[in-house]
Amino acid sequence: MSILLMAHSLLRWLILLLAVITMVKYLIGWFGNSQFKSMDRGLMSGFSGLMDLQVTLGIILLLWIGFAGGGFLMSHILHGVVMILAAVVAHLPARWKNADGRTRFQNNLFVIVASLVLIVVGIVLLAGI
């Protein structure tokens with residue numbers, strides 16, 4: 001279980017790194033009136049894919065701890081619910097795949113920010129701050 005917890009803990013830093021890189025790229029694209037290219041799609045796909053992996057690891061960890069005798073703490077359940085919402089938000093860019101480049105950069109940037117805000121809320125719920 002400690003390997004799973006470590007993977008879940010370390011993956012958050014990879015998600016944050018990719019989110020920062022993607023936000024910078026999208027800001028440049030948005031204000032530079034660039035075309036939305038395959039690398040831009042790849043960055044968003046990578047972000048949403050890592051979010052999916054993180055949620056999957058979290059659900060496995062939640063079930064493992066819960067059924068192994070640790071119980072299902074309300075803080076863990078609420079953390080999971082908010083993180084699932086963050087992952088759902090990360091998939092919203094599929095809604096405007098036919099929009100112009102500027103709109104896609106702008107909307108995808110807002111999606112990443114919204115996901116990060118939800119992630120912070122989920123961490124606060126888990127930490128009990």
How big is the Rg/Rh ratio for the chain, C-alpha atoms only, Rh by Kirkwood, two decimals? 1.05
Measuring from label point to label point, each 7 Å out along Cα→Cβ, what is the Ser34 to Val88 span in nm? 3.2
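Show me the trypsin sites (Lys or Arg not before Pro) within region 80-129 that DSSP assigns to loop and that have at most 14 other Cβ atoms within 10 Å of their Cβ.
Lys97
Just so you know, all these numbers are worked out from the coordinates, no wet-lab data involved. Nothing here was measured: the structure is a model prediction, and the numbers come from that model. Cβ coordinates were reconstructed from backbone atoms using ideal geometry, including for glycine residues, and neighbour counts include every protein chain displayed.
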